[in-house]
Each structure stands twice: as structure tokens, then as C-alpha cells.
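So the structure is just underneath, and the comments pick up after that.
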Amino acid sequence: MKIFEYMGKYDYEQLLFCQDEQSGLKAIIAIHDTTLGPALGGTRMWTYASEDAAIEDALRLAKGMTYKNAAAGLNLGGGKTVIIGDPRKDKNEEMFRAFGRFIQGLNGRYITAEDVGTTVEDMDLIHEETNFVTGISPAFGSSGNPSPVTAYGCYVGMKAAAKEAFGTDSLEGITVAVQGVGNVAYAMCRYLHEEGAQLIVTDINKEAVQRAVEEFGAKAVDPDEIYGVDCDIFAPCALGAIINDETIPQLKAKVIAGSANNQLKETRHGDQIHEMGIVYAPDYVINAGGVINVADELYGYNRDRAMKKVEQIYNSIEKIIGISKRDGIPTYVAADRMAEERIAKVSKSRSQFLLNSKHTLSNRI
Ligand SMILES: NC(=O)c1ccc[n+]([C@@H]2O[C@H](COP(=O)([O-])OP(=O)(O)OC[C@H]3O[C@@H](n4cnc5c(N)ncnc54)[C@H](O)[C@@H]3O)[C@@H](O)[C@H]2O)c1
Ligand SMILES: CC(C)C[C@H](N)C(=O)O
């Protein structure tokens, strides 16, 4: 991979490779943009097919966090970490403590939290070495696992998208096909079930499927079948790049609204679903509940305040659909514009000179 070429193309600030022989830590921290503030983004632990695949994932996810944080109105930039390894077998205390020390070395440029493959317990270990970590245990006055809050944000965002497609935001009697019933989707399915939606689920983890079948009366299908099932809403809640050339022709849903990051394999796939009349809730807008929740820790965690902000995801999705219709552009473009405009405006307002302790004039203060 031509790393500098890629970083230059999308204007990344920094990419760090962190290695600790004793614990087996191999981590890649990507910082995309810190115009709005320190980069906040989770740590993913995953068995990547190659080092290049891990680097690309870290970079793509970090950029997504820049847009997510900007669109959510947070004063935070975008970054992400991937740890190469199997979260079921390769974790140990030393690994997360070593990782915490690397984060501490960045002196606040990057703040981490949970993502796929990492847990509150892992964040607590990182917290032994640095304060630049969120999503730690409620025992520390923190917000804990972000997934249930992400799920709530997805649920309200899905309702806003449904209103556009079906004329009502009630999900009663609506059929939702859910890909991946892990931490976020399990909690999201509970909201959907309570509102009377019919669920079709799939997961590569049979126990996760069984739980959804037993608790929510969901119908189970094989992983390859989920794209083509008869449904009103498709909710991608596993990994990225699942809106692609193979899956789009199979889709019967009128709405795509789910928690997965980087759902569009390429931007042209966003154009394609727009032309098909599918209402797409942009991934980083609908799944911002978790980051909104953990970011509140930076001010001293207040759950009511955080949940009020998460409720706003409904309005954000409505606004983006409005811009998309007004300007005749796909929703993913409308969301990108919203985020980019905010970053550009803040960048401009911060361009004036401000004296700090390092400047030659500082002894005149
Ligand atoms: N956890 C959060 O707060 C949060 C916030 C924002 C975005 N997200 C994104 O939402 C997605 C889900 O996150 P999560 O925390 O629930 O992760 P998770 O690991 O708990 O759940 C993902 C589920 O998807 C399943 N899966 C993986 N590949 C699959 C496939 N090919 N077909 C079907 N199922 C498959 C896994 O077995 C797992 O059960 C991820 O893309 C994550 O980045 C999560
Ligand atoms: C900060 C975390 C809650 C990040 C989360 N995994 C996301 O992708 O938004």
C-alpha cells in the first residue's frame, strides 16, 4: 500500500504503528483530522487478512469518525485504532496497558473507546495508564458500554428514515432485516420488537441468532440470504462495505438504516441506491449515539444530557433527507457536506493568531 499517497488523498494527519513484543500488541492508530478538537474514535480488535487490510481499515474508520463527530455537533476530531488479533484468544492485561501508554504518549491528540472486539474491561485496563480513554466502567463515574446508546440512536434514526419512505415513523408491522445481531443490534432489536416490528435476522454466530429468535420472535436466515429477503428496512449491523455490486441487485428494502460503519463499499454505491429510490440513513449519522454518549464523559458524564443529544439523531436524519431532496443529491453526499461545512467554518473561526506559552512574545504577557 502506498501509505503517504493514500494519506495525502484524504488529508490524514498521522498514522502510528505500536508494537509490544511481550504482550503481542500490534496496534495501528490513525488520526484523520483534529480541526474540531482531539480525535475521538474506538479501538477495533480483529483478525485481519493482511497488514495492509488492517491499515486500510484504521484509515477508513478514522475518517468516518471525523465526519461522525462533526455531523453530531461534537467538538472532536476523528481517529480510530485497530489492534491486529483475535479478540477471543489474543487479549491480555499487558496488551491493553501497553496500548494505553502509547495513547498517553499522544498527549491528548487521540482519545479511545470501544469498538468491535473490545469491551469496557479493556477500556478499564487502558485507563490504568491514561485518562485519554472513554467508555470505562460506570464505577469510575463513566458511561460504560456505548452499544445500547448506539442502538437507541439507530432506532430513532430508523424511524426518521421510515417516515420519509412510508409516510409514518411508526415501525409497527414493518419488517426489518438485521445483519449481525451483536451488541448494538441486539439492543436495537428490542426497541423494534417492543414497537411491533417483525424481525428477520442473521449472524455468523449461531448463539446470537438463537437469542434473537427466542426473545424477539425473529425469523432466522443464513448470512448470504439477508440481502434478498422480503422486508421494508435493511439494517446492516455487522461490518462495512456491504452495500456493493453483489448485494444491491438483491435488495428489496425501501430503507437502509443500521449501525455498521462504512456501509457503502464505494461512493458510487451510494449513488446507485439513491437512484433506486432507497432511503439511506448515512451510517455515521445514524450510528453516532455511542460516540455522543462517551464524549459526554469529557464534561463529567450526565446520562440525561447525553440521551437528549442522541434523540437529535432523528432530526439529523430528517434534515439530511431534506437537503437530499432539495438539492437532488444522495443522502450520503448531503451528510458529507453538512460535516465538511462545519469543519471548514470552525477552522476559519480559529485561524486568528492566539498567543500561547511557546511563542517568543509569551514573556510579555
Ligand atoms: N458498539 C457501538 O457503540 C458502535 C457504535 C457505532 C458503530 N458501530 C458499528 O456497528 C457495527 C456492530 O457493532 P457491535 O458493537 O454490535 O459489534 P459486535 O461485534 O457486537 O456485533 C457484530 C455482529 O455481527 C456479526 N457478523 C460479523 N460478520 C458477519 C456477517 N458476514 N454476516 C452476519 N453477521 C456477521 C458478528 O458475529 C457479531 O455478532 C460495527 O460495524 C461497529 O463498528 C458500533
Ligand atoms: C467512540 C466509540 C463509541 C466509537 C464507536 N465504536 C463508533 O464507531 O462510533
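Share of the range 119-195's accessible area from carbon and sulfur, percent, 1.4 Å?
Summing carbon and sulfur atoms, their accessible area is 47 percent of the total for the range 119-195.
Taking the chain as the reference, fit the longest principal axis to its C-alpha atoms, fit the long axis of helix 147-166 to the helix C-alpha atoms, and give the angle between the two in degrees, 0 to 90, nearest 10.
Roughly 50 degrees, rounded to the nearest 10.
Ignoring ligands, DNA and RNA, what accessible area per residue does the chain give at 1.4 Å, in Å²?
For the chain, the per-residue accessible area is 46 Å².
Subtract the Cα-Cα distance of Glu214 and Asp230 from 0.36 nm times their separation in residues, and report this length gain in nm to one decimal.
So the chain would gain 3.6 nm between Glu214 and Asp230.
Quick one: which residues, 5+ away or cross-chain, put their amide H under 5 Å from the amide H of Gln14? H built at 1.01 Å from N.
Ile31
What would the Debye formula give as log10 I(q)/I(0) at q = 0.10, 0.12, 0.13, 0.15 Å⁻¹ for the alpha-carbon point model of the chain, no solvent?
Here log10 of I(q) over I(0) equals -0.61, -0.88, -1.04, -1.38.
State, to one decimal in nm, how far the label point of Glu266 lies from the label point of Asp20, with both points 7 Å from Cα in the Cβ direction.
4.0 nm
Order Ser316, Ser50 by their accessible area, 1.4 angstrom probe, all chains in place, largest first. Don't jump to the answer; show the numbers that get you there.
Details: Ser316 30, Ser50 55 Å².
Accessible-area ranking of Ser316, Ser50, largest first: Ser50, Ser316.
Just want the answer: with Cβ charges of +1 for Lys and Arg and -1 for Asp and Glu, which residue in Met65, Gly258, Thr118 is farthest toward the dipole's positive end in the chain?
It is Met65.
Kindly flag which residue pairs out of Lys91/Lys206; Lys91/Lys319; Lys80/Lys206; Lys219/Lys309 have an alpha-carbon separation exceeding 31 Å in this structure. Before the final figure, lay out each step's value.
Values: Lys91/Lys206 23 Å; Lys91/Lys319 42 Å; Lys80/Lys206 29 Å; Lys219/Lys309 33 Å.
With Cα atoms farther than 31 Å apart: Lys91/Lys319; Lys219/Lys309.
For Ser143, list long-range residues whose amide hydrogen, built 1.01 Å from N in the peptide plane, is under 5 Å from its own amide hydrogen.
Gly135, Ile136
For the range 136-274, state the semi-axes of the equivalent ellipsoid (square roots of 5 times the eigenvalues of the alpha-carbon gyration tensor), sorted largest first and rounded to whole angstrom. Can you show the working numbers first?
Values: eigenvalues 105, 60, 54 Å².
Whole-Å semi-axes of the equivalent ellipsoid: 23, 17, 16.
Relative contact order for the range 239-284 using alpha-carbon pairs under 8 Å, separation at least 6, rounded to a whole percent? Don't jump to the answer; show the numbers that get you there.
On the way: 58 pairs, mean separation 22.0, N = 46.
The value is 48 percent.
The values are calculated or read from the model by the stated rules, or taken from the named source; none is laboratory data. These numbers come from a predicted model, not from an experiment. Note: ideal-geometry Cβ built from the backbone for every residue, glycine included; neighbour counts use all protein chains shown. These area figures cover heavy atoms from the full protein model, side chains too; ligands, DNA and RNA do not enter into them. Shrake-Rupley method; radii C 1.70, N 1.55, O 1.52, S 1.80 Å.
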